[in-house]
Amino acid sequence: MGRFDDYERVALQTPNLVLEPLNPAHADEVFPHLQDAALYTYVPQNPPPDIEHVRARYTRLEHGRSANGRDLWLNWVIKTNAEAAGTVQATVMPDGTALIAYERFAPFAHKGIASEGVAAILAHLKDRLETKVARALVDTRNEPSIRLLERLGFERKRTIKDADNFKGATSDEYEYELRLAP
Ligand SMILES: CC(C)(COP(=O)(O)OP(=O)(O)OC[C@H]1O[C@@H](n2cnc3c(N)ncnc32)[C@H](O)[C@@H]1OP(=O)(O)O)[C@@H](O)C(=O)NCCC(=O)NCCS
């Protein structure tokens, strides 16, 4: 449990990116990007109503843990050339598994930024928190996200029929998995 109790959120560096631990001050630069409806096509969320909403959410997430205090909620803002380009999230559980999610803002599309950011957090989870298995749930229609996961070596494990119901339709999901350590 030590590695969880002692864990401190840190910035991560890659050749092209800096991943900054999410904090409420990020709301100002991220809010305009979050108005882009394209981010929400395959997820139940909608654009936030105002910047205060984002600031309050980021305040909750800054030091986030699950209600039972065991799971770590880790969030980073992906920066490239000092500009916010997306976010990545990991819910890290003490059993050695983590669930990841990510979004990339429109001006930064198709440059490999999301893949590089997700790869960075996977390496960090493995090294710092001894995560052994990373998982992602993805709408079966979300081809860009499926491409990203498969590029990083994730394997499709199962299909969850009628996993969710939002925006007037039921959605099916794939569960993807990547083993980080034996
Ligand atoms: C899922 C999502 C992050 C993918 O974004 P993306 O821009 O396609 O992903 P990347 O930043 O990794 O870029 C990959 C693309 O850049 C290209 N690319 C260019 N240079 C590259 C490089 N050096 N390395 C990797 N890919 C590179 C790839 O070929 C790929 O293009 P393709 O998808 O047309 O094949 C994005 O669609 C998104 O934010 N969607 C909304 C939120 C969402 O659905 N999140 C996932 C929920 S499960």
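The values are calculated or read from the model by the stated rules, or taken from the named source; none is laboratory data. Please read these numbers as outputs of a predicted model, since none were measured by experiment. A quick note on method: Cβ atoms are made from the backbone with ideal geometry, for glycine too, and the neighbour counts reach across all protein chains shown. Surface accessibility is based on the protein's heavy atoms, side chains included, excluding ligands, DNA and RNA. Shrake-Rupley method; radii C 1.70, N 1.55, O 1.52, S 1.80 Å.
Values for this structure:
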quantity: Test: residue in segment 47-64 that is within 25 Å of PHE166 (Cβ to Cβ), within 16 Å of the ligand (Cβ to nearest atom), under 14 Å from the mean Cα position of the chain (by Cα) and in a loop (DSSP other than H, G, I, E, B); calculated: no
quantity: Hey, GLU150 within 30 Å of ASN165 (Cα to Cα), near the ligand (Cβ under 9 Å from one of its atoms) and either open to solvent by 50 Å² or more (accessible area, probe 1.4 Å) or hydroxyl-bearing (Ser, Thr, Tyr) (or both) or not; calculated: no
quantity: All positions within segment 62-92 that are crowded, with 18+ Cβ neighbours inside 10 Å and aliphatic (A, V, I, L, M); calculated: LEU72, LEU74, VAL77, ILE78, ALA84, ALA85, VAL88, ALA90, VAL92
quantity: Qualifying position, being near the ligand (Cβ under 8 Å from one of its atoms), within 15 Å of the chain's Cα centre (by Cα) and at negative phi, among ALA119, ALA134, ALA101; calculated: ALA101
quantity: Pairs with Cβ under 7 Å, 6+ apart, first in segment 48-77 and aromatic (Phe, Trp, Tyr), second in a loop (DSSP other than H, G, I, E, B) and at pLDDT 95 or above; calculated: TYR58/LEU22; TYR58/ASN23; TRP76/LEU22
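One line per residue, one yes/no per condition, for (1) open to solvent by 30 Å² or more (accessible area, probe 1.4 Å); (2) closer than 20 Å to PRO44 by Cα; (3) without any contact (Cβ under 8 Å) to a residue 24 or more places away in the chain:
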position	(1), (2), (3)
THR97	no, no, no
ILE121	no, no, no
LYS132	yes, no, no
ARG158	yes, no, yes
PHE166	no, yes, no
SER171	no, yes, no
